[in-house]
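The values are calculated or read from the model by the stated rules, or taken from the named source; none is laboratory data. Every value quoted in this text rests on a predicted model; they were computed, and no experiment measured them. FYI the Cβ positions are ideal-geometry reconstructions off the backbone, even for glycines, and counts take in every protein chain you see.
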């Protein structure tokens, strides 16, 4: 089954008015996106309105977070229905920084993901292991625990609206990158897990993308692997180099 490539950019808590204008102008120089490729960026919430209004070349916009709550007295929260009403169709869920810095458990991430799916949002679901887990050969045990919690909450049809982002925590913002073979091995194991526990059809159709110090200089080799369907990019998504990462999807797996 042919899966569309997916290039995501997570701006995290970065950007001034001036830098966001410059970055949107840079992204707008792409008059045409690579064929068979979705490009989705996740700015901070303060900049969402500007980015949504100014990007008109097919690049989609995501929020970095979506609340478990609905409407009501939940100061500081933004719920999935509100995001959808704003005209945004994507959200991130379970990024390692949400898990480690803000105490989001596997179960909470799964429930937040389901709330977003129920509001008709598409979800970039993040999973991955720490360096300690990697060195103890616990990578798939950790990733499977994150996926098992998700499976317990979602319906079989929900998987069509989930992109899985494998992000080894030890490679995020460190300059360290999982080798193409290391990344491919985990992606392959995730796909095998989907086939064994959800269905062969879901396993074949679900896009699994890699995140962790991806740059224009390493994306080309990574994306040639059969089970790597694209990237979730952090720091490089704030630079002109993000254009090179988008372009590396050209012709990939068509």
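Observations, loosely collected:
- The residues listed here are 88, 41; of these, the one that is in contact with a strand residue (DSSP E or B) (Cβ under 6 Å, 6 or more places away or on another chain), in a loop (DSSP other than H, G, I, E, B) and either on the phi > 0 side of the Ramachandran plot or in contact (Cβ under 8 Å) with a residue 24 or more places away in the chain (or both) is 88.
- Residue count for segment 91-126, restricted to those that are outside any strand (DSSP E or B), under 21 Å from residue 235 (Cα atoms) and without any contact (Cβ under 8 Å) to a residue 40 or more places away in the chain: 4
- Yes/no for residue 203 being under 22 Å from residue 129 (Cα atoms), free of Cβ contacts under 8 Å to residues at least 24 places away in the same chain and not in a loop (DSSP other than H, G, I, E, B): yes
- Qualifying position, being surrounded by fewer than 18 Cβ atoms within 10 Å (Cβ to Cβ), at pLDDT 95 or above, within 19 Å of the chain's Cα centre (by Cα) and more than 21 Å from residue 189 (Cα to Cα), among 92, 108, 121, 117: 108
- Residue 237 assigned to a loop (DSSP other than H, G, I, E, B) and either under 19 Å from residue 163 (Cα atoms) or at pLDDT below 95 (or both): no
- Selection count, segment 131-148, where residues are more than 14 Å from residue 189 (Cα to Cα), surrounded by fewer than 19 Cβ atoms within 10 Å (Cβ to Cβ) and touching a helix residue (DSSP H, G or I) at 6+ places or on another chain (Cβ under 7 Å): 2
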